[in-house]
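The values are calculated or read from the model by the stated rules, or taken from the named source; none is laboratory data. Note that the structure is a prediction, hence the values are computed from the model and not measured. Cβ sites come from the backbone with ideal geometry, for glycine too, and all protein chains shown count toward neighbours.
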C-alpha cells in the first residue's frame, strides 16, 4: 500500500470492513496512526484492523483509554495504544511502544499527540454526517 486514498463510508460496518480489508494484506509489522476527533470511529477502525490481522473475536477490541495498551493475538500480535489521556512526551515514551515496533501490528489512537516522527500508515477519520465518515489513508 502506498500513496493517498480517500474513502467515504456510510456506517460503522463499512468503516470496519475498510480497515479489515486493509489489514488483511499486512505483513504483520505495520504501524497505523489513527487521527480523528472523539467519536470519529478510531476504535471501530482498530477493530477492523484486528479482524484483518486474524484476531478471533474483534468485538473484544476496545479503546485502551485507561490501560493505555491492549494486546490481541492474531496471525501477528496487534498492539493497540491510546494516547488520549497522555499529555507529555515522557508519558508517551514511558509506554515502551517503540519496543513493539517490528513485533506485530501497532495501532495508535490519538496519534496526533505524537510530537516525534513515527513512520506508519496515517489514517485520518472525519465525521461527515451522522454515520458518514471521510477516511483518508496515507502510506
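Here are the numbers for this structure:
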read-out: Members of segment 65-74 found to be buried (at least 16 other Cβ atoms within 10 Å of the Cβ), over 17 Å from residue 98 (Cβ atoms) and at pLDDT below 90, listed by number; value: 70, 74
read-out: Residue 24 vs. criteria out of contact with any strand residue (DSSP E or B) (no Cβ under 9 Å at 6 or more places or on another chain) and within 21 Å of residue 119 (Cα to Cα); value: yes
read-out: Verdict on residue 112 being at pLDDT 85 or above and out of contact with any helix residue (DSSP H, G or I) (no Cβ under 8 Å at 6 or more places or on another chain); value: yes
read-out: Filter result for the condition that a residue is over 14 Å from the mean Cα position of the chain (by Cα), on the phi < 0 side of the Ramachandran plot and free of Cβ contacts under 8 Å to residues at least 60 places away in the same chain, over 6, 56, 50, 12; value: 56
read-out: Enumeration of residues in segment 75-108 that are over 24 Å from residue 37 (Cα atoms) and at pLDDT 70 or above; value: 75, 76, 77, 98, 99, 100, 101, 102, 103, 104
read-out: Per-region count, segment 13-29, residues surrounded by 15 or more Cβ atoms within 10 Å (Cβ to Cβ) and at pLDDT 95 or above; value: 10
read-out: Which numbered condition residue 135 misses (of (1) part of a strand (DSSP E or B); (2) without any contact (Cβ under 8 Å) to a residue 12 or more places away in the chain); value: (2)
read-out: Where residue 133 falls short, out of the listed (1) touching a helix residue (DSSP H, G or I) at 6+ places or on another chain (Cβ under 6 Å); (2) modelled with pLDDT of 85 or more; (3) surrounded by fewer than 16 Cβ atoms within 10 Å (Cβ to Cβ); value: (3)
read-out: Candidate set: segment 33-53, residues that are closer than 21 Å to residue 99 by Cα and in contact with a helix residue (DSSP H, G or I) (Cβ under 6 Å, 6 or more places away or on another chain); chosen: the one surrounded by the fewest Cβ atoms within 10 Å (Cβ to Cβ); value: 33
